[in-house]
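Scroll down for the structure; my scribbles are underneath it.
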Amino acid sequence: MFGKKRVAIVGAGLTLFRRRLKETGKELSYEASKMALDAAGMELRDMQSVVLGTAPDAFDGVHMKGEYLADGAGAYRKPYTRVFVGGGTGVFTPLAGWWHVASGQFDSCLVVAEEKMSSCYPHPQYAFTTIFDPILERPLGMNLIWIFALEMHRYMHKHGIKKEDIARVSVKNKGNALDHPCAQLGAKITVEDVLNSEVMAWPVQRLDVSPTSDGGAALVLVSEDVAKEITDDPVWIDGAGWCIDSTLWTNRDLYYPDYVECAARMAYKMAGIKNPPKEIDLAEPYDPFDYKELHHMEGLLLCKKGEAPKLTAEGVTQRDGDLPINPSGGLLGVGNPIAAAGLMKVCEIFWQLRGEAGKRQIPGDPRTGLAQAWGDLMQYGSVIVLRR
Amino acid sequence: MSEKIKDYRGEALKSADFKEGRVPTEKCRPKAKFAWSAGIAIGRFLEELKKGKIIASTCSKCGRIMVPPRIYCENCFKPTDGWKYVKDTGTINTYSVSYLAADASRLKEPILVAIIDLDGASKNMGLIHKLGEVDKDEIKFGMKVKAVWKPKEERVGAITDIKYFKPIKEATP
Amino acid sequence: MSLDKITNPLHIRHWLGDMEADYIYTLGIAGEHFFKEIKENGRIMGAKCPRCNVVIVPPRMYCEKCFAKLEEWVDVGTKGTIHTFTVATIDVDGKKLKEPVIFALVKFERGCGGLIHKIGETKTKEVKIGMNVEAVFKPSFERKASINDIKYFKPTE
């Protein structure tokens, strides 16, 4: 064990994920937070600290978004921190919550993630372009999809992967999401549907991509002492890892996410995991694009480099397979309100390990699960390992 | 969602709800304008582009020749200590055929975009740029390409002083 | 290599641009109720927290102190007092305004919180902290469910 105290998750909450929700960002934060507190049987006054994760201010269109959302996240007159590591934020937020409690400073922490991307209209794409270098990259007319297209193409080229090998991920995840009550894009589709969808930036097609969404998610974290008092069914945070690679993303070979491997190794070391594919019962790797699920499975050392498409084709990653991947439906199916989407994955592992995932429940008796998010300019990995 | 939770919060809206004014909203267009300082390394880089040259910075400790140039080596965390011209030729590391403009609007004629590993720079020192004078179906990984520069009088010290990279036709014997 | 003395970035090598994006904000669950009451009935509403026994203006769907869900709407009237004020003499671009504008935080007797708004029908020398004011609404056909449906607050005496 790392840290002074072992940390448990005792409650989780989630709002609907939709392209547009009427609720303000504050209201979404509140709904998710309140649901998580209710699930834990706790009150706001029981929370000694609050950590909020949310992506660029440019989506909500409110600067100092952390401060703006604070009251909805339950931070009124409490020690409060906003964290932001791009798309990696959703999984990094509970990691930040973890160290609040693991350090011994607090016995409880409310962890909240929110995104309201519909404020930026007609489409948040344009806000995304401002993440690029303003001098060397933006003058070329960059679109965010380009970096994914370039990375996906390199990955396909390196291992000789075909588009249909990748499309299966989208088919699986959108299908899984049919069983998720919060899902935005659950659907029964075929590989052909993906291959026939609009070409956005080759090799990226419409159905390879997750949507933009509004939504909120939350977790209640407590120390071991508190957990023992309030629940028979805690889920422990046993592994935490995070890592960033160079910002000069064109200076790397994009076929493999080294930074994800680095974050995974850190989390596995803490959790005492020696053989990840054998010891991990299910995983929720970050899947804003279908190839990203495969890319991240490899970075997480859940299979060899270039082997993830084969496992997917063989059905290993289905809910009833040997290594269920994204049983929630992932970002491709449930939706992608950036920070909230990452935290949704942690909520899913929490519910799966407690046997509360309903129609999505994977068979067997899962004891160890992993969630991972990715972000920034092809450079950030955050990994959490949960155990029952 | 936990099967224990029965009520999922959130009131979904359609884009027509906005367009037809069924939902009251506030609109805003921020007016901020920026003048980004080019800095030391990129300032020099842009100056050289204006002259039709591509310059790298070098680190004597790890020996890397780095493009785009920087004043510090992020690996060794020491100042770079030299400048070196690299060639305006290179190979395609990866590429995409984009039907999306920056604002996500759709294009009839795609933009061809590639990461190009420049000759004379260290491994994987790619530059992102456009490709031209090539059909989208002819582009290949590992293809040799060369910069097509704007005429000297039109160059202003910008990444767009290079119009695009075009394939180098193999000389026929 | 100090650039201390250069205060205008246009005097060094630079690249111009903006962060072009348009925004459309929903008013939210509580906000929509608040602004619809202003638009349709010319009423200023608060939300009552049954646990803390306070009325919060403008209303929210939750109490930030105890996290109770707020569902009881209370009309707090259109009259309040100036809690504090400032006199603006320049606009958002830093240009001199023709006429100074008074901005105040107006508090209501029945509610905690308050509204930031303009003060009209008075002079900058006459406005005072503690002054009683009341909302002056635009005619109902001009109202759009916006904070500007209230033209300003004016002194009552």
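The values are calculated or read from the model by the stated rules, or taken from the named source; none is laboratory data. Since the structure is predicted, the reported quantities are computational estimates derived from the model, not experimental observations. Note: ideal-geometry Cβ built from the backbone for every residue, glycine included; neighbour counts use all protein chains shown. For accessibility, only protein heavy atoms count, side chains too; no ligands or nucleic acids. Shrake-Rupley method; radii C 1.70, N 1.55, O 1.52, S 1.80 Å.
Quick check on my filter: what residues within the stretch A:67-81 are without any contact (Cβ under 8 Å) to a residue 40 or more places away in the chain and within 10 Å of chain C (Cβ to nearest Cβ)?
Residues of the stretch A:67-81 that are without any contact (Cβ under 8 Å) to a residue 40 or more places away in the chain, as a first pass: A:67, A:70, A:75-81.
Within the stretch A:67-81, A:ALA70, A:ALA75, A:TYR76, A:ARG77 qualify.
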Which numbered condition B:LYS84 misses (of (1) more than 12 Å from chain A (Cβ to nearest Cβ); (2) modelled with pLDDT under 95): (2)
Any hit, the stretch B:127-139, residues being closer than 26 Å to A:TYR255 by Cβ and in contact (Cβ under 8 Å) with a residue 40 or more places away in the chain: yes
Cβ pairs under 6 Å, 6+ apart, first in the stretch B:95-114 and facing chain A (nearest Cβ under 7 Å), second polar (S, T, N, Q) and open to solvent by less than 10 Å² (accessible area, probe 1.4 Å): B:LEU100/A:ASN143; B:ALA102/A:THR129; B:ALA102/A:ASN143; B:ILE111/B:SER98; B:VAL113/B:SER96; B:VAL113/B:SER98
Positions within the stretch C:63-87 being out of contact with any Cys (no Cβ under 9 Å at 6 or more places or on another chain) and either within 14 Å of chain A (Cβ to nearest Cβ) or at pLDDT below 95 (or both), in sequence order: C:GLU64, C:PHE67, C:GLU71
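Please work out if A:LYS4 is open to solvent by 20 Å² or more (accessible area, probe 1.4 Å), away from chain B (no Cβ under 12 Å) and touching a residue at least 12 places away in the same chain (Cβ under 8 Å).
Numbers: open to solvent by 20 Å² or more (accessible area, probe 1.4 Å): yes; away from chain B (no Cβ under 12 Å): yes; touching a residue at least 12 places away in the same chain (Cβ under 8 Å): yes.
Taking the combined requirement at face value, the residue satisfies it.
Would you confirm whether or not the stretch A:345-355 contains a residue that is out of contact with any Phe, Trp or Tyr (no Cβ under 8 Å at 6 or more places or on another chain), part of a loop (DSSP other than H, G, I, E, B) and surrounded by fewer than 24 Cβ atoms within 10 Å (Cβ to Cβ)?
Let us first name the residues in the stretch A:345-355 that are out of contact with any Phe, Trp or Tyr (no Cβ under 8 Å at 6 or more places or on another chain), namely A:346-355.
Going one step further and asking which of them are part of a loop (DSSP other than H, G, I, E, B), we end up with A:354-355.
Narrowing the set further to residues that are surrounded by fewer than 24 Cβ atoms within 10 Å (Cβ to Cβ) leaves A:354-355.
Yes, that holds for at least one residue.
Looking only at residues in the stretch C:40-96 that are on the phi > 0 side of the Ramachandran plot and without any contact (Cβ under 8 Å) to a residue 60 or more places away in the chain, which one is most open to solvent (accessible area, probe 1.4 Å)? Step through it out loud before you land on a result.
Applying the first criterion (on the phi > 0 side of the Ramachandran plot) to the stretch C:40-96 yields C:42, C:53, C:67, C:77, C:94.
Now narrow it down to the ones that are without any contact (Cβ under 8 Å) to a residue 60 or more places away in the chain: C:53, C:67, C:77, C:94.
Values: C:ASN53: 109, C:PHE67: 2, C:GLY77: 27, C:GLY94: 48 Å².
For the stretch C:40-96, the residue satisfying everything is C:ASN53.
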Number of the condition not met by A:GLU224 [criteria: (1) open to solvent by 20 Å² or more (accessible area, probe 1.4 Å); (2) touching a residue at least 12 places away in the same chain (Cβ under 8 Å); (3) over 24 Å from A:GLN352 (Cβ atoms); (4) not β-branched (Val, Ile, Thr)]: (3)
Sole exception among (1) more than 12 Å from chain C (Cβ to nearest Cβ); (2) open to solvent by 40 Å² or more (accessible area, probe 1.4 Å); (3) assigned to a helix (DSSP H, G or I) for B:ALA16, by number: (2)
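Condition first: facing chain B (nearest Cβ under 7 Å) and either open to solvent by less than 10 Å² (accessible area, probe 1.4 Å) or of a type in the set (S, T, N, Q) (or both). Can you find one or more residues in the stretch A:187-206 that meet it?
So far as the stretch A:187-206 goes, yes, one or more of its residues are facing chain B (nearest Cβ under 7 Å) and either open to solvent by less than 10 Å² (accessible area, probe 1.4 Å) or of a type in the set (S, T, N, Q) (or both).
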From C:GLU32, C:GLU37, residue being crowded, with 16+ Cβ neighbours inside 10 Å, more than 14 Å from chain A (Cβ to nearest Cβ) and not in a strand (DSSP E or B): C:GLU37
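Looking at this structure, is B:ARG70 under 28 Å from the mean Cα position of the chain (by Cα), loosely packed, with under 14 Cβ neighbours inside 10 Å, among the charged types (D, E, K, R) and within 12 Å of chain A (Cβ to nearest Cβ)? Walk me through how you get there before you give the answer.
Numbers: under 28 Å from the mean Cα position of the chain (by Cα): yes; loosely packed, with under 14 Cβ neighbours inside 10 Å: no; among the charged types (D, E, K, R): yes; within 12 Å of chain A (Cβ to nearest Cβ): yes.
Considered against the rule, which asks whether it is under 28 Å from the mean Cα position of the chain (by Cα), loosely packed, with under 14 Cβ neighbours inside 10 Å, among the charged types (D, E, K, R) and within 12 Å of chain A (Cβ to nearest Cβ), B:ARG70 comes out as no.
What about C:THR7, is it in a strand (DSSP E or B) and either at pLDDT 95 or above or not small (Gly, Ala, Ser) (or both)? Spell out the reasoning first.
Numbers: in a strand (DSSP E or B): no; either at pLDDT 95 or above or not small (Gly, Ala, Ser) (or both): yes.
So C:THR7 does not fit the description; no.
Select from the stretch B:127-166 the residues that are open to solvent by 20 Å² or more (accessible area, probe 1.4 Å), part of a strand (DSSP E or B) and more than 10 Å from chain A (Cβ to nearest Cβ) and list them in ascending order. Steps first, please.
Here is the first cut: in the stretch B:127-166, the residues open to solvent by 20 Å² or more (accessible area, probe 1.4 Å) are B:130, B:133-138, B:140-144, B:146, B:148-156, B:160, B:163-164, B:166.
In the following step, the residues that additionally are part of a strand (DSSP E or B) were identified as B:130, B:144, B:146, B:148-149, B:163-164, B:166.
Within the stretch B:127-166, B:LYS144, B:LYS146, B:VAL148, B:TRP149, B:LYS163, B:LYS166 qualify.
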Subset of the stretch B:58-67 (residues that are open to solvent by 30 Å² or more (accessible area, probe 1.4 Å) and either within 25 Å of B:LYS152 (Cβ to Cβ) or within 11 Å of another protein chain (Cβ to nearest Cβ) (or both)): B:ARG64
Subset tally (residues that are of a type in the set (A, V, I, L, M), under 23 Å from A:PRO203 (Cβ atoms) and in contact (Cβ under 8 Å) with a residue 40 or more places away in the chain) for the stretch A:275-301: 2
Residues of the stretch A:20-64 classified as assigned to a helix (DSSP H, G or I) and more than 26 Å from A:THR130 (Cβ to Cβ), total: 15
Output for the stretch A:44-66, where each listed residue is within 13 Å of chain C (Cβ to nearest Cβ), surrounded by fewer than 22 Cβ atoms within 10 Å (Cβ to Cβ), over 21 Å from the mean Cα position of the chain (by Cα) and free of Cβ contacts under 8 Å to residues at least 60 places away in the same chain: A:ARG45, A:VAL62, A:HIS63
Residues within the stretch B:31-57 that are open to solvent by less than 70 Å² (accessible area, probe 1.4 Å) and more than 7 Å from every other protein chain (Cβ to nearest Cβ), tallied: 10
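Restricted to the stretch B:109-126, and to residues that are touching a strand residue (DSSP E or B) at 6+ places or on another chain (Cβ under 7 Å) and at pLDDT below 95, which residue is surrounded by the most Cβ atoms within 10 Å (Cβ to Cβ)?
If we filter the stretch B:109-126 for residues that are touching a strand residue (DSSP E or B) at 6+ places or on another chain (Cβ under 7 Å), which is where we start, we get B:110-122, B:124-126.
Going one step further and asking which of them are at pLDDT below 95, we end up with B:124-126.
Values: B:ASN124: 15, B:MET125: 23, B:GLY126: 27.
Restricting to residues being touching a strand residue (DSSP E or B) at 6+ places or on another chain (Cβ under 7 Å) and at pLDDT below 95, the top hit is B:GLY126.
Yes/no matrix, rows are residues, columns are (1) open to solvent by less than 20 Å² (accessible area, probe 1.4 Å); (2) under 22 Å from A:ARG354 (Cα atoms); (3) among the acidic types (Asp, Glu):
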residue	(1), (2), (3)
A:PRO277	no, yes, no
A:GLU284	yes, yes, yes
A:LYS292	yes, no, no
A:LEU311	no, no, no
A:ASP320	no, yes, yes
A:ASN326	yes, yes, no
